[in-house]
Structure formats: C-alpha cells, structure tokens
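Below: one structure, written as structure tokens.
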Amino acid sequence: MSDFPHLAQAIKIGAHTLKNRIVHCAILTRYVANQAPTDAFLKYHENRARGGAAMIVSETVNALRGQAGRPDYLNAHNDEGIAGLSRVVERVRQHDCLLLAQFQDRGRGHYSDNRQDQPYGPSALPDDLSGIVPLPLSISQIEQMVDDFAAAAQRLQKAGYNGVEISAGHGHLFHQFLSPHSNQREDAYGGDLTDRIKFVADVLSAVRQTCGAGFMIGLKLPAEDGLEDGIDLVAATLIANTLVTPEAVDYVAFCWGSQADTLHWHLPDGHFPRMPYVEKTAGLRQHTNGVPVMSLGRIVDPHEAENILAQDQADLIGLGRTLIADPAWPNKTLGGHSHTIRPCVSGNGCWASLGVDGRLACENNPALADDIEIEGIPLDTADRRKIVVVGGGAAGMEAAWVAAARGHDVTLFEAGPDTGGGIRQFARLPGSEGLAGIVDFQSQAAKQHGVKIETGWRAGSNDIKAMAPDQVILATGASMIWPEQFPSEFEGEGIILTLPDLVESLGQSNGPQPGNIVVWDKDQSSATYDAVLWLAEKFGNVFLLTSQAGFAMSESLINRQGILHRLRLSKVKLLVSSKLTVTEADLTEGVVKYNDIATESRGRIENVSALTYASPRVPRLDLLPDLEAAGIVPHIIGDAQGPRRLVEAMSDGYKLGLKI
C-alpha cells in the first residue's frame with residue numbers, strides 16, 4: 001500500500017478520470033519560438049507527464065486575434081497552429097496524462113513601467129504596477145474576445161487537448177473585470193457582481209457550447225488580491241458561488257495577489273509559511289457548489305500534499321515550482337522513493353530567470369527540459385578519468401557528483417568543515433531554509449556515486465599535483481571586495497567583517513547585543529537582506545545604508561517586493577543614496593558618518609558596536625598560477641569564473657560534469 005493513498009487515488013473531473021491527484025500548474029517557460037513548440041518545450045512537458053503527473057495545464061496560448069504574433073506563446077488563434085499544438089499532445093498523452101492549455105490576457109497589466117501599445121481594460125483606470133491607463137473595451141470588442149476564446153478552444157480540442165483553464169486571477173484581464181477596483185463600467189459588464197462576472201461567464205458558456213461536456217474547463221479565480229475595493233475572501237466567496245457550477249466548470253483553483261505591490265503573493269517564497277493558502281482555499285471550497293477544488297501555493301513536501309487531501313481540504317494538488325525542480329516528484333512519491341526528490345527551494349529563481357535569461361531555469365534543477373531529468377546521468381566508463389575538484393559549494397558539488405555518476409574517479413577538497421559553501425550558511429537564515437535542499441540533494445548524490453570528499457582541507461597546488469589528476473576543477477568561489485570608503489589599515493585585521501562572516505561569528509550569541517550594527521550594502525542581493533533581518537531580529541538596532549536609490553535593485557520584481565515589505569516592517573533603519581565616511585578615529589569613538597549623495601546633508605550613527613559590509617565579489621584564483629606553471633590547465637566554474645547567480649553556478653557544474 002502506498003504511503004500516500006490519497007495522492008494515489010484516481011478522481012473523475014468532468015468527463016475525464018485523472019490517475020492520481022497531482023496536477024502541473026500553468027508555468028510560463030519561454031520555450032516557444034515563433035508561436036511553435038521547440039524541442040525544449042516538448043521535452044519539458046513530456047518529462048512532467050513521464051514523471052507521473054495526472055494532468056498538465058500548459059502555459060497561456062495565443063487565443064485572441066489581438067494576441068496573434070506573440071512569439072513566446074503557442075498559436076491557437078488560427079488553424080495554422082493546430083499542427084504545433086498536436087505535437088505537444090503526442091508527447092504528453094502517451095504517458096496517461098491529460099493536457100489542458102490556459103486562456104489569459106494581461107489587459108492593462110504589465111510588470112514594468114514600459115508603455116504598451118494599445119493597452120485595454122474594463123475601465124480607464126491606471127494599472128497598479130506600471131501606471132498604464134488602458135482604453136476601455138467596447139461591448140463589441142468583448143463579444144469578439146468571447147468568440148475568439150471559443151474558437152481557440154475548438155482548435156485545441158481538434159489538436160487533442162483535453163480542455164482549457166480560464167485564468168481569471170493574478171490581476172489580468174478577467175480579474176480586472178471581476179474587481180470593482182479596476183471595473184467601473186456602467187453597462188452590462190460592470191456595476192454589481194452579476195454584471196462584473198459576465199465576461200468570464202460568457203467565455204465559460206461559449207467554450208462549453210462550442211466544445212461540449214467532454215471538454216474539460218478549469219477556472220482559476222482570485223481569492224485575495226490585497227487591493228482597496230478589490231477582491232477579498234467575502235467577494236471571492238460570492239464570485240465562486242455564482243460562477244462555479246457543475247454545468248459550467250469542471251474544477252476550480254484560487255490564487256492570491258495581483259498586478260500590484262501584492263504580486264509576490266502569487267509565488268510565496270521561503271519567507272511565507274509552508275502551504276500558506278490551504279486553509280483559506282478549504283474555506284472557499286464550501287462555496288463551489290460541489291465542483292472539485294485544486295489547492296496550490298508552496299506545496300513542496302509529499303506529506304503536506306497528502307495531508308491536504310486526507311483532511312478533505314481539497315480534491316486536487318496543484319504543483320508549479322515543485323515540478324520544475326523535479327518532474328518525477330509524483331512517481332518518486334507514489335513509488336516509495338520520496339527521499340530522492342530534488343526539492344524546490346522556494347527562492348523564485350525560476351521567475352527571475354524569465355526576466356534575466358528570457359527562458360525558464362531552476363536553481364535546483366540544471367537539467368531542466370533535458371532527458372536527464374527523468375532518465376538520470378548516463379554512465380560512461382569507456383574513458384574513466386581521475387578528477388580533482390577544489391571547492392565544495394554549489395558549482396563544485398554539482399560538477400563532482402555528475403562526473404562521478406558518469407563513472408569518473410572524483411575527489412573533492414573543501415576548506416570548510418562541511419560542503420555547501422555560502423548556501424549552507426544562508427540556509428540557516430529565516431526565509432532561506434529551502435536552500436538546504438540543494439546541499440542535502442548534492443550530498444546524497446555525491447555519496448551515492450562515490451565522490452571522495454575531504455573537508456577541512458584547504459588544498460594547495462602541491463596537494464593537487466600529488467594526486468596526478470587527469471582533470472582539475474576550480475570551484476573556489478569569490479571574496480567580497482574591501483569597500484573603498486573603509487580605512488585600508490583595517491583590511492584583513494578582523495576588525496570589520498563581511499556580513500556573512502559577522503553572521504557566522506554572532507550565530508552562537510544569545511540576547512540583544514549592545515550598540516548599533518551598521519551594514520554597508522553594495523551587494524543588493526536577497527542573501528544580504530536575509531542576513532540583515534536576522535541581525536535585526538536577534539539583536540535589534542541595525543542601520544542599513546546603500547549608495548543606490550533603493551534596496552534589492554539586483555533582485556527580480558517579485559523577490560524585491562517581498563524584501564522591501566519585510567524591511568519596512570522590521571526594526572532596520574533604512575538610508576538610501578548615502579555616502580559613508582569611515583575613519584579610524586570615528587570608529588574608535590563608535591561613530592559612523594554619512595552624507596546624502598544628492599543634498600550633501602550629513603548624519604552620524606553613534607554607539608556603533610559593529611560595522612559590516614556586503615559588496616561585489618572577486619574570484620578566488622590563488623591556485624591558478626602554480627597549477628598553470630605545472631602545466632595543469634584547470635576548468636573554472638561558479639563564482640571562481642566570475643560572480644554569478646545560484647542558477648548559473650549550478651548550471652556551470654552540471655554542464656562541466658556532463659562533458660568532462
């Protein structure tokens with residue numbers, strides 16, 4: 001008998017039977033090119049079907065004639081797209097997995113302040129994020145959209161899709177019509193609740209009429225958007241009770257946040273509690289007229305998912321980021337191998353990658369959309385090599401275990417007492433605990449594949465040469481630069497520590513520390529702010545200064561929102577556009593001075609017990625000259641190659657481990 005009987009149980013949704021309760025939620029991949037599926041798009045979805053999901057809701061398609069030509073979305077707006085859609089169906093359906101596409105339109109919503117061409121919405125009210133003011137849609141335009149969605153659904157049906165999900169949350173167009181915050185129309189599509197839901201109701205009706213009862217229709221509704229005069233749980237209850245009927249909808253899901261300063265609610269990171277929306281979803285489920293409900297939002301562990309079903313809080317489990325990290329999560333869970341799951345770290349690196357790289361990536365799954373996701377590392381013992389890896393951080397450990405899995409003889413040297421590098425340290429901070437999943441998975445994989453790990457050993461060039469390796473990998477990381485504002489005579493003296501070193505040194509302290517802690521922020525990363533908030537919570541009296549106009553400027557919008565929210569709620573004193581003046585005499589007196597860059601107004605912080613900094617990093621390549629002098633040309637990865645994001649460091653290690 002399965003340890004997860006409720007997850008394993010089949011369920012009838014509309015005219016279809018799902019083999020289990022696990023559903024892949026719609027995720028934008030940017031693996032589409034010229035409105036057609038690429039090999040990466042096909043492999044991504046096939047892997048999640050092979051991995052055991054009972055149903056996949058793929059990302060939004062181009063359904064409206066106004067969406068025609070958007071290159072990053074599949075074509076469902078005319079018949080030319082049917083062949084490409086059919087290719088996706090072929091790859092998914094062969095694994096006993098149902099396939100739905102999502103319908104959605106941003107309307108006035110936009111993530112940046114760049115102005116859109118011809119933005120539209122229910123009313124001429126500015127978007128809460130971008131400030132874009134849309135043109136109100138006419139009744140004839142709305143009716144045309146309804147017809148377009150129905151026609152697109154029919155094309156999907158012809159291609160072999162099992163259904164569609166109407167995404168009416170996240171502050172997008174349908175949400176804009178549902179909410180009085182954005183809908184102030186005085187015609188049949190605005191005013192009271194009955195009229196505000198008409199657009200969504202018309203689409204549901206048109207799709208059902210066009211495609212019949214055998215075509216599944218899912219509906220994602222807003223639960224709480226956090227906006228004044230927006231959707232709260234009371235409004236969500238009324239909307240669900242009115243819109244969601246067994247005749248119109250086959251399943252319903254609820255989502256949080258909007259195109260506003262609550263955008264980060266829809267992807268709760270490690271600072272949110274686990275499963276933050278389960279209980280509220282269970283409450284809304286009482287008003288869905290018997291229609292099955294999908295629970296979603298930071299459900300990571302199989303036991304969490306099982307308990308939701310066992311407690312009768314939902315009928316389906318929707319997983320997005322969890323299945324990005326490990327597509328075989330369902331099979332591993334239901335097959336008794338849940339301990340081998342590569343966990344989601346809840347860092348939202350996936351969302352950030354869409355903005356930085358233009359395509360989906362994962363901090364804990366560098367094999368994303370590759371056969372290796374499911375089939376594992378291919379063993380290749382024909383050319384077995386002796387490999388030495390120096391540095392046991394994320395990049396070094398990834399390279400080590402992947403190379404060992406291929407059959408190489410791998411030894412890894414780590415100067416610290418444990419592998420994991422910086423991510424092990426940051427995993428101890430509140431909100432970053434999920435990073436421990438990377439350390440644990442890599443440690444388990446290294447042990448399984450026979451990597452010899454020497455900790456507490458700062459390997460020198462002689463140590464490396466003595467091993468007579470065939471290949472050497474330097475994953476030695478990078479060090480923070482000494483700030484030019486700080487007295488040079490203090491550098492390396494242990495008087496002013498880097499922020500990570502200060503956190504490490506204070507880790508065993510109890511109770512408030514006397515005086516003020518001053519943090520000079522030139523790093524602008526989430527790790528810096530987790531450390532600052534830890535200092536404030538544990539010790540109080542923290543001043544955070546930066547020369548930039550704001551904080552978290554290097555973070556994605558969704559992470560930055562959460563960071564700024566937490567900083568504002570904390571005891572941390574925030575000073576932007578500042579210039580530090582640090583002298584030995586002032587530090588002796590416990591004083592740090594600063595100027596406002598624009599106004600030149602001066603300030604001083606007294607009773608300073610610790611001054612620390614987070615700054616840009618330079619690669620640690622002390623070993624390189626001696627190795628090259630000995631004729632050894634090492635591979636350099638991770639921060640040693642140049643400071644980079646975690647997702648890039650993991651990719652470095654994975655790719656090198658495969659090819660070395």
**Request:** Under 6 Å between Cβ atoms, at least 6 apart or on separate chains: pull out the pairs that start in segment 571-592 with a residue that is assigned to a loop (DSSP other than H, G, I, E, B) and end on any residue that is open to solvent by 70 Å² or more (accessible area, probe 1.4 Å).
**Result:** Val576/Ala549; Ser577/Ala549; Ser577/Ile597; Ser577/Ala598; Gly590/Asn607; Val591/Arg604; Val591/Glu606
**Message:** Which count do you get for residues in segment 163-184 that are open to solvent by 10 Å² or more (accessible area, probe 1.4 Å) and touching a helix residue (DSSP H, G or I) at 6+ places or on another chain (Cβ under 8 Å)?
**Reply:** 2
**Message:** Being open to solvent by 40 Å² or more (accessible area, probe 1.4 Å), in contact with a strand residue (DSSP E or B) (Cβ under 9 Å, 6 or more places away or on another chain) and in contact (Cβ under 8 Å) with a residue 12 or more places away in the chain is true for just one of Leu28, Leu18. Which residue is that?
**Reply:** Leu28
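Could you tell me which residue of segment 482-501 is least open to solvent (accessible area, probe 1.4 Å), considering only residues that are assigned to a loop (DSSP other than H, G, I, E, B) and charged (D, E, K, R)? Reasoning before the result, please.
First, pick out the residues of segment 482-501 that are assigned to a loop (DSSP other than H, G, I, E, B): 482-487, 491-496.
Still in the running and charged (D, E, K, R): 484, 491, 493.
Details: Glu484: 167, Glu491: 101, Glu493: 120 Å².
So, considering only residues that are assigned to a loop (DSSP other than H, G, I, E, B) and charged (D, E, K, R), the one least open to solvent (accessible area, probe 1.4 Å) is Glu491.
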**Request:** Kindly provide the set of residues from segment 271-309 that are open to solvent by 10 Å² or more (accessible area, probe 1.4 Å) and among the polar types (S, T, N, Q), ordered by number.
**Result:** Gln286, Asn289, Asn307
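Could you please give the count of residues in segment 223-249 that are of a type in the set (Ser, Thr, Tyr) and open to solvent by less than 10 Å² (accessible area, probe 1.4 Å)? Before you say what the answer is, go through the steps one by one.
Taking segment 223-249 first, the residues of a type in the set (Ser, Thr, Tyr) are 237, 242, 245.
Subset that is open to solvent by less than 10 Å² (accessible area, probe 1.4 Å): none.
Selection size over segment 223-249: 0.
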**Request:** Among the strands (runs of 3 or more DSSP E) lying completely within segment 1-60, list those that include at least 3 residues that are out of contact with any Asp or Glu (no Cβ under 7 Å at 6 or more places or on another chain).
**Result:** 16-18, 22-24, 55-60
**Fill in**
Looking across segment 326-369 at residues that are open to solvent by less than 30 Å² (accessible area, probe 1.4 Å) and in a helix (DSSP H, G or I), the single one that is modelled with the lowest pLDDT is Leu354
**Fill in**
Here the residues within segment 31-54 that are out of contact with any helix residue (DSSP H, G or I) (no Cβ under 7 Å at 6 or more places or on another chain) and surrounded by 22 or more Cβ atoms within 10 Å (Cβ to Cβ) are Phe41, Tyr44, Ala54
**Item:** Leu567 being part of a strand (DSSP E or B) and either in contact with a helix residue (DSSP H, G or I) (Cβ under 7 Å, 6 or more places away or on another chain) or open to solvent by 90 Å² or more (accessible area, probe 1.4 Å) (or both)
**Value:** no
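Going by the structure shown, is Glu143 over 22 Å from Ala240 (Cα atoms) and charged (D, E, K, R)?
Values: over 22 Å from Ala240 (Cα atoms): yes; charged (D, E, K, R): yes.
Yes; evaluated as a whole, the condition is true for this residue.
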**Request:** For Gly376, work out the one condition from (1) in contact (Cβ under 8 Å) with a residue 40 or more places away in the chain; (2) within 25 Å of Pro330 (Cα to Cα); (3) over 12 Å from the mean Cα position of the chain (by Cα) it doesn't fulfil.
**Result:** (1)
**Prompt:** For segment 261-270, does any single residue satisfy the condition of being at pLDDT 95 or above, aromatic (Phe, Trp, Tyr) and open to solvent by 30 Å² or more (accessible area, probe 1.4 Å)?
**Reply:** yes
**Asked** Is it the case that some residue within segment 207-222 is surrounded by fewer than 16 Cβ atoms within 10 Å (Cβ to Cβ), within 17 Å of Leu156 (Cβ to Cβ) and not small (Gly, Ala, Ser)?
**Response** yes
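With the requirement that a residue be assigned to a helix (DSSP H, G or I), without any contact (Cβ under 8 Å) to a residue 40 or more places away in the chain and open to solvent by 40 Å² or more (accessible area, probe 1.4 Å), what does segment 502-555 give you?
The first filter runs over segment 502-555 and keeps only residues assigned to a helix (DSSP H, G or I), leaving 502-506, 526-539.
Narrowing further to those that are without any contact (Cβ under 8 Å) to a residue 40 or more places away in the chain: 505-506, 529, 535-536, 538-539.
Correct list: Ser505, Lys538.
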**Prompt:** In this structure, does Gly131 turn out to be within 22 Å of Val244 (Cβ to Cβ) and either part of a loop (DSSP other than H, G, I, E, B) or of a type outside the set (A, V, I, L, M, F, W, C) (or both)?
**Reply:** no
**Asked** Looking at segment 447-481, which of the residues that are farther than 16 Å from Leu624 by Cα and in a strand (DSSP E or B) is most open to solvent (accessible area, probe 1.4 Å)?
**Response** Lys452
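When residues of segment 406-438 are filtered for being over 20 Å from Thr528 (Cβ atoms) and without any contact (Cβ under 8 Å) to a residue 60 or more places away in the chain, how many remain?
Restricting attention to segment 406-438, the residues satisfying the condition of being over 20 Å from Thr528 (Cβ atoms) are 406-419, 437.
Checking the rest, the ones that are also without any contact (Cβ under 8 Å) to a residue 60 or more places away in the chain come to 407, 409-419.
Going through segment 406-438 one residue at a time, the tally reaches 12.
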**Asked** Applying the selection to segment 370-392, what residues are under 27 Å from Val633 (Cβ atoms) and part of a loop (DSSP other than H, G, I, E, B)?
**Response** Ile377, Pro378, Leu379, Asp380, Thr381, Ala382, Asp383, Arg384, Arg385, Gly391, Gly392
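Please indicate, with yes or no, whether at least one residue in segment 428-444 is open to solvent by 50 Å² or more (accessible area, probe 1.4 Å), within 30 Å of Thr381 (Cβ to Cβ), in contact with a helix residue (DSSP H, G or I) (Cβ under 9 Å, 6 or more places away or on another chain) and not β-branched (Val, Ile, Thr). Break it down into steps so the answer makes sense when it comes.
Going residue by residue through segment 428-444, those that are open to solvent by 50 Å² or more (accessible area, probe 1.4 Å) are 428, 430, 433, 440, 444.
From the residues that got through so far, the ones that are within 30 Å of Thr381 (Cβ to Cβ) too are 440, 444.
Now drop any that are not in contact with a helix residue (DSSP H, G or I) (Cβ under 9 Å, 6 or more places away or on another chain), which leaves 444.
Subset that is not β-branched (Val, Ile, Thr): 444.
Yes.
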**Message:** Need pairs with beta-carbon distance below 8 Å; first residue more than 20 Å from Leu656 (Cα to Cα) and at pLDDT 95 or above and within segment 465-483, second of a type in the set (Gly, Ala, Ser) and open to solvent by less than 40 Å² (accessible area, probe 1.4 Å); sequence gap 6+ or separate chains.
**Reply:** Met480/Ala614; Met480/Ser615; Ile481/Ser615; Trp482/Ser615; Pro483/Ser615
**Item:** Cross-chain or 6+ apart pairs with Cβ under 9 Å, segment 242-256 first and farther than 15 Å from Leu284 by Cα and at pLDDT 95 or above, then in a helix (DSSP H, G or I) and open to solvent by less than 20 Å² (accessible area, probe 1.4 Å)
**Value:** Ala248/Leu204; Val249/Leu204; Val249/Leu243
**Message:** Leu156 - would you say it is more than 24 Å from Cys211 (Cβ to Cβ) and not polar (S, T, N, Q)?
**Reply:** no
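Select, from Leu42, Leu64, Leu99, the only residue that is in contact with a strand residue (DSSP E or B) (Cβ under 8 Å, 6 or more places away or on another chain) and under 19 Å from Arg155 (Cα atoms).
Numbers: Leu42 fails: in contact with a strand residue (DSSP E or B) (Cβ under 8 Å, 6 or more places away or on another chain); Leu64 fails: in contact with a strand residue (DSSP E or B) (Cβ under 8 Å, 6 or more places away or on another chain).
So the residue among Leu42, Leu64, Leu99 that is in contact with a strand residue (DSSP E or B) (Cβ under 8 Å, 6 or more places away or on another chain) and under 19 Å from Arg155 (Cα atoms) is Leu99.
The values are calculated or read from the model by the stated rules, or taken from the named source; none is laboratory data. Note that the structure is a prediction, hence the values are computed from the model and not measured. With ideal geometry, Cβ positions are generated from the backbone for all residues, glycine too; neighbour counts draw on all protein chains shown. The area values use the complete protein model at the heavy-atom level, side chains included, leaving out ligands, DNA and RNA. Shrake-Rupley method; radii C 1.70, N 1.55, O 1.52, S 1.80 Å.
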